[in-house]
Amino acid sequence: MVDGRSTVNTSKAPAALGSHSLLRSSLALLAAVLASLGFAERDCPFESHPHPEQHRTASRLPSLVAHSGLPPVARVVRDSLARRSSRPPGARRHAPPQLSRFPFRPLRSNIAHVATDRKALFAGPRRTTMITVALAGKPNAGKSTFYTAATMADVDVANYPFTTIDANRGVTHVRTECPCLARDERCGNENCRDGKRYVPVELLDVAGLVPGAHEGKGLGNQFLDELTNADVVLNVVDASGATNEKGEPVEVGAHDPLDDVDFIEEEMDLWLAGIVDRNWEGVERQSRSPDFDLEAAVTDLLTGFGATEHDVTAVLRELEYPDDPKSWTDDDREALARSIRRRTKPIVVVANKVDAAPEGAVDRLREGTDKPVIPATSDGELALRRAAEAGAVDYDPGDEGFDVVGDVSGGQREGLEAIRGAMDEHGGTGVQTALNAAVYDLLDRITVYPVQDASKWTDGTGTVLPDAFLLPSGATPPDLAYAVHTDIGEGYLHAVDARSSRRIGESHELSEGDVVKIVSTAGP
């Protein structure tokens, strides 16, 4: 299996099929499903229109273009993506207003939060840019398929290592409950569907890493450099064990996925340690100054990696090290690099291709690492999202299941049931769960909604709940004001809780789903 190999069966799916024959049968069946729906010959409806209903009666081209060397469903996916270039000039892309019925934050109670200095989160310049989630892993683990399923964007997907060379950047969403559920009517926001709210985050698909990447092997330094701006990393591993450490196909179960969990973290840590080591001479030179400040010097060194002064302060507080930078050893610098990476680039393990994984593979991954492990079938998610766009199934990303609502043949239905088997075992496809775990659990974010009219929950144009901001847990009304705009924050006067219509204090800690009116000298 590979980055983009569309495998949708599971070893736990219908028992009438054998493990390997089921894999081949389901691939063929899903190829037939998607081919009959026209995915090989037409663009994704959501790419140029906001609603799938406008396309369910559109003409379909059922033929598949043959591509040797690729599994049937992978060919379908590649064909459908290749047709994106036929989009009419000027056509807009729309994020699908698809949201999940899956319980809100299903993993929060199972994932230990990263220790956070609340005061440090808001001291100094406030970051208001979109959160960036990065996909990392060895070649052929399914990163590009995950990316495509989460963003419905154009990427190359194929059955060989290094399909991705240049990093792909797109917008995906985390899902939460919309505050409109507390009102008589739904808000109607384009990012809300029946009370489920999509909040945008950036998704970065980094090319596959190989052993020795931190030394430059396989363009590793170039690929690792792409991770510098990430807030959290999804380490996508091939849970089926069907690709070796270089991403080359092997027999299912021949490779230990646990090795891939440790390897990616080690490459990231050693890469950063190398950066610190190569630039440490500059810190030593600065130490000759009588007003030398180690924390400031190390912060300057690590700013490009996304570390703030407060990150550096917290890490140095935990470490033991010589006062004189010239006395630091390689081990001291490596310990600094590892601690900074853990703090600024926490990792969620995505056990991808779980539909083809041997029994017990996910449990073994969970027992072998202290990181959260999310079982996932990116292939199944991508197949369902495309089928939903065509009106064949009723499915929102993150749902525990789906309903077949279109006309499908018996064979097509059997292929879809193979996906259902994996979802029943693991509580969904895992793609949305992994994104939510990264943002809401590891980064410990809350969703807050600023409004202008506290009684109607609208902005100046009458749009209900127009915006949603992801803030660190412990954020206060002034932090929300700064997130909206620097001028709003600098002119902050007070805030009103729109749910209770009561004024709230400047130090009041906001909660998930709060609707807040900010009163500012810079506001209307």
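The values are calculated or read from the model by the stated rules, or taken from the named source; none is laboratory data. Everything numeric here is computed off the predicted structure, so don't read it as measured data. Reconstructed Cβ throughout: ideal geometry from the backbone, glycine too, with neighbour counts over all protein chains shown. These area figures cover heavy atoms from the full protein model, side chains too; ligands, DNA and RNA do not enter into them. Shrake-Rupley method; radii C 1.70, N 1.55, O 1.52, S 1.80 Å.
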- Item | Pick from the range 263-283, criterion free of Cβ contacts under 8 Å to residues at least 60 places away in the same chain and of a type in the set (D, E, K, R), ranking: surrounded by the most Cβ atoms within 10 Å (Cβ to Cβ) | E267
- Considering only residues of the range 154-184 that are among the hydrophobic types (A, V, I, L, M, F, W, C) and surrounded by 20 or more Cβ atoms within 10 Å (Cβ to Cβ), which is modelled with the lowest pLDDT? A158
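Evaluate the range 334-348: report whether one residue or more is touching a strand residue (DSSP E or B) at 6+ places or on another chain (Cβ under 6 Å), small (G, A, S) and either open to solvent by 50 Å² or more (accessible area, probe 1.4 Å) or at pLDDT 95 or above (or both).
Step one: of the range 334-348, the residues touching a strand residue (DSSP E or B) at 6+ places or on another chain (Cβ under 6 Å) are 345-348.
With the extra rule that they be small (G, A, S), the set shrinks to none.
No; the residues of the range 334-348 include none that is touching a strand residue (DSSP E or B) at 6+ places or on another chain (Cβ under 6 Å), small (G, A, S) and either open to solvent by 50 Å² or more (accessible area, probe 1.4 Å) or at pLDDT 95 or above (or both).
I want to confirm something. Restricting to the range 385-413 and keeping residues that are in a strand (DSSP E or B) and open to solvent by 20 Å² or more (accessible area, probe 1.4 Å), which single residue is farthest from A434 (Cα to Cα)?
First, pick out the residues of the range 385-413 that are in a strand (DSSP E or B): 393-394, 403-404.
With the extra rule that they be open to solvent by 20 Å² or more (accessible area, probe 1.4 Å), the set shrinks to 394, 403-404.
Details: D394: 21, D403: 23, V404: 25 Å.
Applying the filter and picking the extreme gives V404.
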- Of the residues that sit in the range 185-213 and are acidic (D, E) and open to solvent by 10 Å² or more (accessible area, probe 1.4 Å), which one is modelled with the highest pLDDT? E202
- Message: Residue under question is R338, and the condition is that it be part of a helix (DSSP H, G or I) and closer than 24 Å to D260 by Cβ; does it hold?
- Response: yes
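Can you tell me which residue in the range 482-524 is farthest from C180 (Cα to Cα), limited to those that are within 26 Å of the chain's Cα centre (by Cα) and open to solvent by less than 30 Å² (accessible area, probe 1.4 Å)? Before you say what the answer is, go through the steps one by one.
At the first step, the residues of the range 482-524 found to be within 26 Å of the chain's Cα centre (by Cα) are 482-485, 510-515.
Now drop any that are not open to solvent by less than 30 Å² (accessible area, probe 1.4 Å), which leaves 483, 510, 513-515.
Details: A483: 22, L510: 18, G513: 10, D514: 11, V515: 10 Å.
Applying the filter and picking the extreme gives A483.
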- Name the residues in the range 343-371 that are in contact (Cβ under 8 Å) with a residue 24 or more places away in the chain, among the basic types (K, R) and either assigned to a helix (DSSP H, G or I) or within 21 Å of L272 (Cβ to Cβ) (or both), would you? R343, K345, R364, K371
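Please verify whether R445 is at pLDDT 95 or above, among the basic types (K, R) and under 16 Å from D514 (Cα atoms), treating the condition exactly as stated.
Values: at pLDDT 95 or above: yes; among the basic types (K, R): yes; under 16 Å from D514 (Cα atoms): yes.
Here the answer is yes, as R445 does meet what is asked.
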- Query: In the range 284-298, what residues are touching a helix residue (DSSP H, G or I) at 6+ places or on another chain (Cβ under 6 Å) and open to solvent by 20 Å² or more (accessible area, probe 1.4 Å)?
  - Reply: E284, Q286, S287, F292, E295
- Note on the structure: Taking the range 305-333 and keeping only residues that are open to solvent by less than 30 Å² (accessible area, probe 1.4 Å) and without any contact (Cβ under 8 Å) to a residue 24 or more places away in the chain, one is left with L316
